[in-house]
1. Looking at segment 52-65, I want the residues that are farther than 17 Å from Leu8 by Cβ and have a partner that is loosely packed, with under 10 Cβ neighbours inside 10 Å and modelled with pLDDT of 95 or more with Cβ atoms under 7 Å, at least 6 apart or on another chain. Which pairs are those?
2. Here are Ser75, Ser83: which of them is touching a residue at least 12 places away in the same chain (Cβ under 8 Å) and polar (S, T, N, Q)?
3. Right, Leu81: aliphatic (A, V, I, L, M) and touching a helix residue (DSSP H, G or I) at 6+ places or on another chain (Cβ under 6 Å) or not?
4. Have a look at Asn42, Asn30, Asn4 and point out the one that is of a type in the set (S, T, N, Q) and open to solvent by 40 Å² or more (accessible area, probe 1.4 Å).
5. For Gly24, work out the one condition from (1) part of a strand (DSSP E or B); (2) buried (at least 16 other Cβ atoms within 10 Å of the Cβ) it doesn't fulfil.
6. Which residue is least open to solvent (accessible area, probe 1.4 Å), if the candidates are limited to segment 59-81 and must be assigned to a loop (DSSP other than H, G, I, E, B) and either among the hydroxyl-bearing types (Ser, Thr, Tyr) or over 11 Å from Ile36 (Cβ atoms) (or both)?
7. Can you tell me which residue among Val9, Val51, Val18, Val84 is in a loop (DSSP other than H, G, I, E, B) and surrounded by 14 or more Cβ atoms within 10 Å (Cβ to Cβ)?
Amino acid sequence: MEPNWKPLVDKLGEERCVGFMFMGRVNGINLYKHGIARMYLNLDDRGQCYVGREKWCFEMADFNARLARIKGALSELGETLESVYDESYIEQKRNVLEAAGISHE
């Protein structure tokens, strides 16, 4: 499946999408997971926001409230929406966990 970044980029701008991963599409809804916050932002092609419920059911949600939750989680970690989630970030996280004696596998 080809990632559909347009709804997310339209809402956030490219510079604030760098921490998201495209996880797929279900029932016409694009699933974007923030790699650092580990939280989803689900948008249809028009940019309407949804929250996932049981068994791949979705209900409409307030975009600003969902985004605020992600931003709050990032803030607690000392990160922002502009923080890049890439191989370098993942390697750094692994090193910190290993140094603390925490297995990451």
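1. Arg53/Glu59
2. Just a single option satisfies the conditions, and that option is Ser83.
3. Values: aliphatic (A, V, I, L, M): yes; touching a helix residue (DSSP H, G or I) at 6+ places or on another chain (Cβ under 6 Å): yes.
Yes: the conditions hold for Leu81.
4. On the way: Asn42 fails: open to solvent by 40 Å² or more (accessible area, probe 1.4 Å); Asn30 fails: open to solvent by 40 Å² or more (accessible area, probe 1.4 Å).
Answer to the check: Asn4.
5. (2)
6. The initial filter retains those residues of segment 59-81 that are assigned to a loop (DSSP other than H, G, I, E, B), namely 61-62, 77-81.
Among the residues that remain, those that are also either among the hydroxyl-bearing types (Ser, Thr, Tyr) or over 11 Å from Ile36 (Cβ atoms) (or both) are: 61-62, 80.
Numbers: Ala61: 23, Asp62: 90, Thr80: 67 Å².
Ranking the candidates gives Ala61 first.
7. Working: Val9 fails: in a loop (DSSP other than H, G, I, E, B); Val51 fails: in a loop (DSSP other than H, G, I, E, B); Val84 fails: surrounded by 14 or more Cβ atoms within 10 Å (Cβ to Cβ).
On inspection, the qualifying residue turns out to be Val18.
The values are calculated or read from the model by the stated rules, or taken from the named source; none is laboratory data. Remember, it's a predicted structure, so these values are computed and weren't measured experimentally. Here the Cβ is made from the backbone with ideal geometry for all residues, glycine too, and neighbour counts use every protein chain on show. Protein only, heavy atoms only, side chains kept; ligands, DNA and RNA dropped before computing areas. Shrake-Rupley method; radii C 1.70, N 1.55, O 1.52, S 1.80 Å.
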